[in-house]
Amino acid sequence: MLIEQTSLPGVLLLTPKRFGDTRGFFAESWNRRTLEQAGVHLPEFVQDNYSLSHGAGTLRGLHFQAPPHAQGKLVRCGRGAFYDVAVDIRRGSPTYGQWVGYELSFENARQLWIPPGFLHGFVTKRFDTEILYKCTDYYAPECDGAVHWDSLGIDWIGEGRLETAPLLSDKDAGAIAFKDFESPFDWEG
């Protein structure tokens, strides 16, 4: 597995090896032993989520789950393609408010590890895109939160990501702006 550090400490880009022939391919999308042998120690995953977005330009996020049920997520694409974003919201962090984004697609097999203390969002690039992610804590609606998708200067438009106004849920359309957001996370540097 190819393991790449991003500009946000703790956020990792993981690309599993694919073994293919004329029939298709095989890949291990998750192997704790492989990661630990490479020095990557992720928390235990307790829940797998599966999301389908019918339309290209569907934007979900920027979401977080606050303590005591903060979630880390290992995100990948089952079908289609999307632009996946993580934003540091750990108060006191040297990278507070900074973001990274990567295209995750069926073809590139990339996965993004987003630890607790980060916002997460994505915009789909193709119709009927499947997003799969492992979580380190169970969904807790009382801890669920969102920050408005366009309040951080994220480049959702560049490189063919978002060409028109995004398709949003009511929750995401009405989310609080980042400038008015009080993070429940502290940096433990």
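Read-outs: derived from the displayed coordinates by stated rules, not from any lab. Predicted, not measured: the structure shown is a model, and the values here were computed from it. Counting neighbours? That spans all protein chains shown, and the Cβs are built from the backbone with ideal geometry, glycine included.
When the chain is treated as a GNM with alpha-carbon contacts under 10 Å, the residue of ALA70, ALA81, ALA165 showing the greatest mean-square fluctuation is ALA165.
Calculate, for TYR138 and LYS171, the FRET efficiency according to 1/(1 + (r/R0)^6) with r their C-beta to C-beta distance and R0 25 Å; round to the nearest 0.05. List each step's numbers first, then the result.
Working: r = 19 Å, r/R0 = 0.76.
Working from the Cβ atoms, E equals 0.85.
Extension gain, SER29 to GLN98, is 22.1 nm, computed as 0.36 nm per intervening residue step minus the present C-alpha separation.
Taking a ≥ b ≥ c as the square roots of the eigenvalues of the alpha carbon gyration tensor, the range 18-64 is oblate, as a/c is not under 1.5 and a/b does not beat b/c. Dipole check for the chain: with +1 at the C-beta of Lys and Arg, -1 at the C-beta of Asp and Glu, and the Cα centre as origin, the magnitude is about 520 Debye. In terms of other Cβ atoms within 10 Å, PHE82, PHE127 run from fewest to most in the order PHE127, PHE82. Remark: the range 21-64 carries a charge dipole of roughly 100 debye about the Cα centre, counting +1 on each Lys and Arg Cβ and -1 on each Asp and Glu Cβ.
Its alpha carbons give the chain an Rg and a Dmax of 16.2, 53 Å. Compared with the alpha-carbon gap, the fully stretched path from GLU44 to ASP180 is longer by 45.7 nm at 0.36 nm per residue. Note on the range 34-91: Cα Rg divided by 2.2 N^0.38 Å, N the number of residues, gives 1.37. Between the listed residues TYR96, ALA56, GLN71, the Cα displaced farthest toward the positive end of the dipole of the range 54-101, a dipole computed from Cβ unit charges relative to the Cα centre, is found at GLN71. Partners of LYS179 within straight-line reach, counting lysines whose Cα lies under 27 Å from its Cα and excluding those fewer than 8 residues away in the same chain: LYS73, LYS171.
Which whole-percent values make up P(r) of the range 43-142 when all C-alpha to C-alpha distances are grouped in 10 Å steps starting at zero? Reading upward from the zero bin: 17, 48, 31, 5. Of the residues THR124, THR22, THR95, the one that moves most in a GNM of the chain with alpha-carbon contacts below 10 Å is THR22.
How large is the convex hull of the C-alpha atoms of the range 1-82 per residue, in Å³? Don't skip to the answer; put the middle values down first.
Numbers: hull volume 12.7 nm³, N = 82.
Roughly 154 Å³ of hull volume per residue.
Remark: the ARG18-ARG91 segment gains 22.4 nm on full extension, using 0.36 nm per residue and subtracting the alpha carbon distance.
Suppose only helical runs count, i.e. DSSP H with n ≥ 4. What mean residue ellipticity at 222 nm does that imply for the chain under -39500 (n - 2.57) per run, divided by all residues and rounded to the nearest 500 deg cm²/dmol? Rounded to the nearest 500, the figure is -1000 deg cm²/dmol.
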